[in-house]
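Everything on this sheet refers to the single structure shown next.
The values are calculated or read from the model by the stated rules, or taken from the named source; none is laboratory data. Owing to the predicted nature of the structure, the values given are computational and were not obtained by experimental measurement. Every residue, glycine among them, receives a Cβ derived from its backbone with ideal geometry; neighbour counts consider all protein chains shown. Note: accessible area is taken over every heavy atom of the protein model, side chains too, but ligands, DNA and RNA are not part of it. Shrake-Rupley method; radii C 1.70, N 1.55, O 1.52, S 1.80 Å.
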Amino acid sequence: MSESLVVIGNGMAATRFVDELMQRSLGRYSVIVIGAESRLSYNRVLLSSLLAGEVGEAAIELKPRGWWNGRGVTTVDGQAVVSIDRRNQSVTLANGLCFGFSKLVLATGSQPVRLPKPGMDLQNVLTFRDLTDVAAMRRLMRKGARAAVIGGGLLGLEAAYGLAKAGVKVTLVHLMDRLMERQLDHRAAALLKTAIEAKGVEILLDTDTKRVSGKDHVTGLELSRGRSIPADFVVCAVGIRPQAQLARDAGLAVNRGIVVDDGLTTSDPNIFALGECTEHRSNVYGLVEPAYEQAKILARRLSGDHSALFAGSTLATNLKVSGVIVFGGAIYGKPFERCPPIRGRGRWCL
Ligand SMILES: Cc1cc2nc3c(=O)[nH]c(=O)nc-3n(C[C@H](O)[C@H](O)[C@H](O)COP(=O)(O)OP(=O)(O)OC[C@H]3O[C@@H](n4cnc5c(N)ncnc54)[C@H](O)[C@@H]3O)c2cc1C
């Protein structure tokens, strides 16, 4: 009889893991994938392109329903796992259903951080993490609407670009003295600022957010130095944090993320973790490539190849703003004649 393997989270890491596992060990495990989002897994990286109207929703699906069915994988959508019982080796879902496991894989990803400032709980203060967020922005992004985007990292810039492209009047507010300060030096950041402004986004650097103003709904942002800007909605893109509470509640070792060793095993030998929810050798990755590398290694290990080990990953990413390409160590794009170097770590995690 096949062993029961439960995967919590149906995001990019989980999907790649199941794919890799099925290529090696079809039939060895009876696999159940439980996802909190009410749909099959999709390419989260393409949410920016979806917002900018450059791809349609159908294009971002990772695997069609038939792919999962064809491999005998049970998917449960729209249900969060609310607890893990390690002693009895079972998980409980929000609807009360329970599933037993002999092996458990946590792939719960990250959650967007909201600034701890007054007004952040008002209606129309949004984040940029999933399809629901994109749907909310799309409902509000009519021509002439005003939006404030907080955060001048990759996500903030991509959100601002997508909104501006739809005719929204966008002001991007950034605490630091340059955009993407973790990745870019001053010269590169200044070039990027010019390029983004050319897309119709107003950029305020060195500016802190004091509060979101409005009673029931957003009317604007109050900023440092007595300044304020009007806004019909706000997008908070100030960073992400590993979704590790479930693991913490189950008594697994958790620092910033769920602690895993080179075999992607947590502090419980029957429980594994991969993707953005993990912390490996003190690193928390906020990018998809390390998650994909982990997915392959874990699939190999659970298929019996114990020589497979994760030793860490390189970090490279690109900014998805058409005509402005920031990738790995250089900026390329129409506004620039040269490719200034990018200094830094390429990581966009808090
Ligand atoms: C707009 C945007 C643009 C991006 N662009 C890039 C890019 O250009 N390059 C790059 O490398 N990365 C990019 N990323 C990051 C990339 O999407 C992530 O690195 C990747 O999705 C991580 O995969 P994951 O499976 O670990 O997490 P996720 O894809 O977030 O999947 C985790 C899933 O687990 C679910 N979940 C959480 N808790 C539970 C629970 N208790 N029960 C059931 N389900 C649960 C969540 O709902 C989610 O669906 C971008 C992200 C965003 C939001």
Cβ-placed point charges (K, R +1; D, E -1), dipole of the chain about Cα centre in debye, nearest 20: 560 debye
Taking the Cα centre of the stretch 41-172 as the origin, how large is its charge dipole in debye, to the nearest 20, when only Lys and Arg (+1) and Asp and Glu (-1) carry charge on their Cβ atoms? 160 debye
Computed [θ] at 222 nm, deg cm²/dmol, the chain (DSSP H ≥ 4; -39,500 (n - 2.57); rounded to nearest 500): -6500 deg cm²/dmol
I want to verify a result. In a Gaussian network model of the chain, Cα cutoff 10 Å, which of these has the top mean-square fluctuation: 250, 80, 14? 250
On a 0 to 90 degree scale, rounded to 10, what angle separates helix 186-197 from the longest Cα axis of the chain? 80 degrees
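Once you sort the root eigenvalues of the Cα gyration tensor of the stretch 183-244 as a ≥ b ≥ c, which label holds: rounded (a/c under 1.5), prolate (a/b larger than b/c) or oblate (the other case)? Please list the in-between numbers first.
Details: a/c = 2.00, a/b = 1.35, b/c = 1.49.
Judged from the Cα gyration tensor, the stretch 183-244 comes out oblate (a/c at least 1.5, b/c at or above a/b).
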Once you have the Cα-Cα distance between residue 224 and residue 211, take 0.36 nm times their residue separation minus that, and quote the gain in nm to one decimal. 3.7 nm
With a 10 Å cut-off between alpha carbons and a GNM built on the chain, which of 247, 13, 308 moves the most? 308
Probe 1.4 Å, heavy atoms of protein chains only: per residue, the accessible area of the chain in Å² is 44 Å²
Most fluctuating residue given options 35, 323, 200, as computed from a GNM of the chain linking Cα atoms under 10 Å: 323
Can you find, among 273, 283, 297, the residue farthest towards the positive end of the dipole of the stretch 261-300? Put +1 on the C-beta of Lys and Arg, -1 on that of Asp and Glu. 297
Alpha-carbon centroids, the stretch 119-163 and the stretch 169-231: separation in whole Å: 13 Å
With the dipole of the stretch 27-93 defined by +1 on each Lys or Arg Cβ and -1 on each Asp or Glu Cβ, the option from 38, 27, 51 whose Cα lies farthest towards the positive pole is 27
Quick calc, the stretch 24-68, dipole around Cα centre from Cβ unit charges on Lys, Arg (+) and Asp, Glu (-), nearest 20 debye, gives 340 debye
What is the total of Lys pairs in the chain with C-alpha atoms under 22 Å apart, excluding same-chain pairs fewer than 8 positions apart? 22
Positive dipole terminus of the chain, leading residue within 94, 221, 113 (C-beta point charges): 221
